[in-house]
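Q: Quick one: the structure is below, and I'll ask about it shortly.
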Amino acid sequence: MATEYRFCPNCATPLQSIYRYDRVRPSCPACGFVHFSDPKVAVIALVIANGAVLLVRRAVDPGKGLWSLPGGYMDAGEMPTDALHREVAEETGLAIDVGKMSAIFPMENGAGERVGIVLAFQAKPAGTDVEVCAQDDVSEAGWFGPSQIPPDLAFDSTQTLIAEWARNER
């Protein structure tokens, strides 16, 4: 959830909702400060090995109990591929080689408001070991063939990428 500023960080004047730069934004009537909300950025990996895709069952909200592609939020100053290496390793213990970015999806909150973007990348295991172990904020991790995909997938990004991959694998 984005921080709601009530006072100007420059002069402490109460902010007002003022139309600036094509939309209403929290703005300072005294010094002209305008607050621009930064979007959240997440990364996900479509990790493929031996004709199967890596999925994780989420242990936390959003999507708790549902299956998704491994990934998560980028940290400030972190590049997307670095974030993806970190997130997949944190969730599954798997080291990956990140391939090309395949799609950008809108990230929405529970109210349907767009709050950021999800960068989707192709990936493969970095070595021959494809063993995974659920860690961090996932309760299960596993490899699924095109006909084994669980029906309870979280997020439009996961649903779209898995459907496209499964169509191409059959």
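Every number here is computed from the coordinates shown, using simple stated rules; none is lab data. Because the structure is predicted, anything quoted here is derived from the model rather than measured. Please note: Cβ atoms are built from the backbone with ideal geometry, for glycine as well, and neighbour counts cover all protein chains shown.
Q: Between GLU90 and ASN168, how many nm apart are label points set 7 Å from Cα along the C-beta direction?
A: For GLU90 paired with ASN168, the spin-label model returns 2.8 nm.
Q: Please give the length that would be gained between ILE117 and CYS11 if that part of the chain were fully extended, namely 0.36 nm times their separation in residues minus their C-alpha to C-alpha distance (nm, one decimal).
A: Difference between extended and current length: 34.9 nm.
Q: Explain nothing, just compute: Karplus ³J(HN,Hα) = 6.51 cos²θ - 1.76 cosθ + 1.60, θ = phi - 60°, for every residue of the stretch 30-47 in order, whole Hz, x for Gly and Pro.
A: 8, 10, x, 4, 10, 8, 9, 6, 7, x, 6, 10, 10, 10, 9, 10, 8, 8
Q: Now, a different point. Loop-only check: which chymotrypsin sites (Phe, Trp or Tyr not before Pro) in the stretch 21-111 are DSSP coil with at most 12 other Cβ within 10 angstrom?
A: Sparse-neighbourhood loop chymotrypsin sites (Phe, Trp or Tyr not before Pro): TYR21, PHE36.
Q: Right, something else. Hey, in the GNM for the chain with a 10 angstrom Cα cutoff, which one of ARG86, ARG57, ARG20 fluctuates hardest?
A: Between ARG86, ARG57, ARG20, it is ARG20 that shows the largest mean-square fluctuation.
Q: Same structure again: When the chain is modelled as a GNM with alpha-carbon springs shorter than 10 Å, which of VAL43, VAL132, VAL88 fluctuates the most?
A: Highest fluctuation of the listed residues: VAL132.
Q: Please identify, among PRO62, PRO146, PRO29, the residue showing maximal mean-square fluctuation in a Gaussian network model of the chain using a 10 angstrom Cα cutoff.
A: PRO29
Q: May I pose another question? Classify the stretch 41-100 from the C-alpha gyration tensor, please: rounded if a/c falls under 1.5, else prolate or oblate depending on whether a/b exceeds b/c.
A: oblate
Q: Compute the long axis of helix 80-92 from its Cα atoms, compare it with the longest principal axis of the Cα atoms of the chain, and write down the angle in degrees, 0 to 90, nearest 10.
A: 60
Q: List the lysines whose Cα sits under 20 Å from the Cα of LYS100, skipping any in the same chain fewer than 8 residues away.
A: Hits, sequence-local ones excluded: LYS124.
Q: Also, I was wondering about something else. What is the spin-label model distance, in nm, from CYS31 to ASP75 if the labels are put 7 Å beyond Cα along the C-beta direction?
A: Label-label distance for CYS31 and ASP75, simple model: 3.0 nm.
Q: If you take every DSSP beta bridge whose two residues both sit in the chain, what share of them, in percent to the nearest 5, is antiparallel?
A: Within the chain, antiparallel bridges account for around 75 percent of the total.
Q: Further, regarding this structure: Rounding to the nearest 10 and keeping the result within 0 to 90°, find how far the Cα-based axis of helix 156-169 lies from the longest principal axis of the chain.
A: So the inclination is approximately 30 degrees.
Q: Moving to a separate point now. Specify which labelled value, from (1) 27, 18, 14; (2) 25, 20, 14; (3) 38, 16, 14, agrees with semi-axes √(5λ) of the Cα gyration tensor in Å derived from the coordinates of the model shown.
A: Correct label is (3).
Q: Here's a follow-up. Placing +1 at every Lys and Arg Cβ and -1 at every Asp and Glu Cβ, with all other atoms neutral, what dipole size does the stretch 1-140 have around its Cα centre, in debye to the nearest 20?
A: So the dipole magnitude of the stretch 1-140 works out to roughly 660 debye.
Q: Contact order normalised by length for the stretch 1-66, with contacts defined as Cα pairs under 8 Å and 6 or more residues apart; what percent is it?
A: Reported as a whole number, the value is 17 percent.
Q: Return the calculated 222 nm mean residue ellipticity for the chain, to the nearest 500 deg cm²/dmol, obtained by summing -39500 (n - 2.57) across DSSP H runs with n ≥ 4 and dividing by the residue count.
A: Result for the chain, helices only: -5000 deg cm²/dmol.
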